[in-house]
Amino acid sequence: MEPKYKRVIIKLSGEALAGDKGFGIDPATIAGICKNIKEAKDLGVEIAIVVGGGNIFRGRDGEGMDRATADYMGMLATVINALALQDALENIGVEVRVQTAIEMKEVAEPYIRRKAMRHLEKERIVIFASGTGNPFFSTDTTAALRAAEIDAEVIMSAKKVDAVYDSDPKLNPNAKKIDRLSYIDVLNKGLKVMDSTAISLCMDNNIPVLVFGLEQPENIVKVLCGENIGTIVEEVN
């Protein structure tokens with residue numbers, strides 16, 4: 001199999017790490033995801049990962065809390081997930097570095113762009129944790145920002161739903177899958193691909209976003225090799 005991309009960012013939702021539990025970390029689920037990430041890496045692809053924290057705590061879940069405080073709590077949740085991914089990848093022989101936007105040198109490196117790129121060149125996987133380090137920004141925006149910074153060719157957004165639909169497929173059994181979208185379509189239609197800040201950043205830097213389902217972890221390799229799975233958001237002429 002020949003990969004279509006050389007350097008990518010995989011955006012993993014926190015919920016994807018919880019498996020059927022819906023909350024917390026499911027080791028078997030993480031092991032399955034990491035096995036497929038290793039297969040992708042073994043194809044010669046340079047991989048960085050941005051992971052969410054929704055399986056532990058989301059900033060928007062902190063009802064009644066100061067928004068900035070709740071967002072910082074959500075950022076710390078992403079560090080827990082990043083360390084779990086690091087451990088699972090190292091257990092199968094993959095070199096990994098976790099970089100955090102909030103400094104915590106006892107458990108991870110601080111985020112340094114040039115160092116992250118050097119790790120990728122040395123065939124290490126880099127996991128970006130604690131979001132952008134700032135409240136009011138999501139991990140979607142982190143993925144778009146880091147993709148621009150490290151010159152990633154695409155953001156692979158792994159979700160529980162297998163593509164973008166014209167309506168919620170859970171509520172509407174006749175919802176239609178959309179294969180290709182423009183950035184403007186996503187913004188104008190309010191589609192829940194990524195938040196508007198992230199999509200705008202991708203549009204400004206011409207970074208495609210591939211949305212696909214993680215119910216079958218092998219989709220990571222299939223998407224990398226150009227199979228028509230999920231939905232691609234890109235500049236449409």
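Structure summary
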{"quantity": "Residues located in region 84-95, provided they are surrounded by fewer than 21 Cβ atoms within 10 Å (Cβ to Cβ) and closer than 17 Å to Ala116 by Cβ", "calculated": "Val94, Glu95"}
{"quantity": "Selected residue (only one of Ile37, Ile47 is modelled with pLDDT of 95 or more, among the aliphatic types (A, V, I, L, M) and in a helix (DSSP H, G or I))", "calculated": "Ile37"}
{"quantity": "Subset of region 18-37 (residues that are crowded, with 18+ Cβ neighbours inside 10 Å, of a type outside the set (Gly, Ala, Ser) and over 24 Å from Glu103 (Cβ atoms))", "calculated": "Asp26, Thr29, Ile30, Ile33, Cys34, Asn36, Ile37"}
{"quantity": "Tally of residues being touching a residue at least 12 places away in the same chain (Cβ under 8 Å) and over 19 Å from Val8 (Cβ atoms) across region 205-237", "calculated": "2"}
{"quantity": "Qualifying positions in region 199-228 - surrounded by fewer than 19 Cβ atoms within 10 Å (Cβ to Cβ), part of a loop (DSSP other than H, G, I, E, B) and in contact with a helix residue (DSSP H, G or I) (Cβ under 6 Å, 6 or more places away or on another chain)", "calculated": "Glu218"}
{"quantity": "Matching residues in region 24-72 - criterion: being under 18 Å from the mean Cα position of the chain (by Cα) and farther than 28 Å from Met1 by Cα", "calculated": "Gly24, Ile25, Asp26, Gly52, Gly53, Gly54, Asn55, Ile56, Phe57, Arg58, Gly59, Asp71"}
{"quantity": "Residue check for Ser130: surrounded by 24 or more Cβ atoms within 10 Å (Cβ to Cβ) and within 24 Å of Ile229 (Cβ to Cβ)", "calculated": "no"}
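The rows are residues; the columns are (1) aliphatic (A, V, I, L, M); (2) out of contact with any strand residue (DSSP E or B) (no Cβ under 6 Å at 6 or more places or on another chain); (3) surrounded by fewer than 24 Cβ atoms within 10 Å (Cβ to Cβ).
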position	(1), (2), (3)
His119	no, no, yes
Phe137	no, yes, yes
Asp140	no, no, no
Ser167	no, yes, yes
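The values are calculated or read from the model by the stated rules, or taken from the named source; none is laboratory data. This is a predicted model, so every value here is computed, not measured. A quick note on method: Cβ atoms are made from the backbone with ideal geometry, for glycine too, and the neighbour counts reach across all protein chains shown.
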